[in-house]
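S.K.: Got a structure here, written out as structure tokens. Questions coming.
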């Protein structure tokens, strides 16, 4: 299986995708029938990201999903479901699969929509990446009032072999790996770095040094095999 960071990196690649049919609905329809080409595609997007990032067993414990209620029930069945109270929402983690009820309830049978948690903002709010929101893939900020709950995928732990495959990042770097780094720093309470999009700048370097000091590794401002496990540590 893959990791939460890989799941989020795949979701970010879909940002800006809009309309239907699209790459996500075509991928799902190729396996499950042409009726999905123009169907609501929020959960098809989660399925697509999970499969392409190597996370299908963790994110899709019941197999491919286009229907959000069944997907939430899959997490409930395996004991990895958390109801959408404000306290629970603040305990969400990047990579969790978050389900919404526009009727402002927590009943699984009333779920309308789904996305993936990118950042926990506190105060019962999450930053998410969602497909089929305004018929597009976008970032959203959602509050506990519309969050029915979330499922926690059993992502792989970061083993030494996996960490060795991660890039070495330092000040001046740009690209998707840096966006993943920025998202992880934001999740570890470093809002001073600004939004997820951006380079590895002086503010990011300072935040990395703070994380390194907290994690008990060499404080050099470089994200490598010692620092990635600290950033990705699950508490």
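Derivation of every value follows stated rules applied to the coordinates shown; laboratory data play no part. If you're wondering where the values come from, they're calculated on a predicted model, not measured in any experiment. Note that each Cβ is placed from the backbone with ideal geometry, even for glycine, and that neighbours are counted across all protein chains shown.
S.K.: Using Stokes-Einstein with the Kirkwood hydrodynamic radius over Cα pairs, what translational diffusion coefficient do you get for the stretch 160-231 at 10 °C and a viscosity of 1.306 mPa s, in µm²/s rounded to a whole number? Could the numbers behind the result be given before it?
M.R.: Numbers: Rh = 11.9 Å.
Once the numbers are plugged in, D ends up at 134 µm²/s.
S.K.: Okay, moving on. Give the separation of the Cα centroids, the stretch 87-152 to the stretch 165-235, in Å.
M.R.: Between the Cα centres of the stretch 87-152 and the stretch 165-235 lies a distance of 25 Å.
S.K.: Can I ask one more? If I build a Gaussian network model for the chain, linking alpha-carbon pairs within less than 10 angstrom, which residue out of 80, 93, 182 has the largest mean-square fluctuation?
M.R.: With Cα springs under 10 Å in the chain, the top fluctuation among 80, 93, 182 is at 80.
S.K.: Within 10 Å, count the other beta carbons around each residue, average over each peptide in 94-102, 142-150, and list them highest first.
M.R.: Values: 94-102: 24.7, 142-150: 22.0.
Per-residue mean Cβ counts within 10 Å order the peptides as 94-102, 142-150.
S.K.: By how many nm would the segment from residue 217 to residue 168 grow when fully extended, if each residue of separation counts as 0.36 nm and the alpha-carbon distance is taken off? Don't skip to the end; give the middle numbers.
M.R.: Working: separation 49, 0.36 × 49 = 17.64 nm, distance 1.52 nm.
Going from the current span to full extension adds 16.1 nm.
S.K.: Shifting gears a bit: Note down the nm distance, to one decimal, between modelled labels 7 Å out along Cα→Cβ at residue 77 and at residue 13.
M.R.: Result: 2.9 nm between the two label points.
S.K.: Taking the Cα atoms only, what angle lies between the long axis of helix 42-52 and the longest principal axis of the chain, rounded to 10 degrees?
M.R.: Roughly 50 degrees, rounded to the nearest 10.
S.K.: In whole Å, what are the extents of the stretch 11-130 along the principal axes defined by its C-alpha atoms, from largest to smallest?
M.R.: The Cα atoms of the stretch 11-130 stretch 40, 29, 29 Å along the principal axes, largest first.
S.K.: Using only the C-alpha atoms of the chain, find the volume of their convex hull and express it per residue in Å³. Mind dumping the intermediate values first?
M.R.: Working: hull volume 27.2 nm³, N = 235.
Spread over its residues, the Cα hull of the chain gives 116 Å³ apiece.
S.K.: What value, in deg cm²/dmol to 500, does the helix sum -39500 (n - 2.57) over DSSP H runs of n ≥ 4 give at 222 nm once divided by the residues of the chain?
M.R.: Working: 10 runs with 85 residues, N = 235.
Calculated mean residue ellipticity at 222 nm is -10000 deg cm²/dmol.
S.K.: Let me ask something additional. In whole percent, what relative contact order does the stretch 139-230 give with Cα contacts below 8 Å and a gap of six or more residues? Before the final figure, lay out the partial values.
M.R.: On the way: 87 pairs, mean separation 27.3, N = 92.
Taking the mean separation of contacting Cα pairs over the length of the stretch 139-230, I get 30 percent.
S.K.: Mind ranking 7-20, 26-39 by how tightly packed they are, going by the mean number of other C-beta atoms within 10 angstrom, highest first?
M.R.: On the way: 7-20: 18.3, 26-39: 15.1.
Going from most to least packed, we get 7-20, 26-39.
S.K.: Using only Cα atoms and rounding to the nearest 10 degrees, what angle (0 to 90) does helix 23-32 make with the longest principal axis of the chain?
M.R.: Tilt relative to the chain: about 50 degrees.
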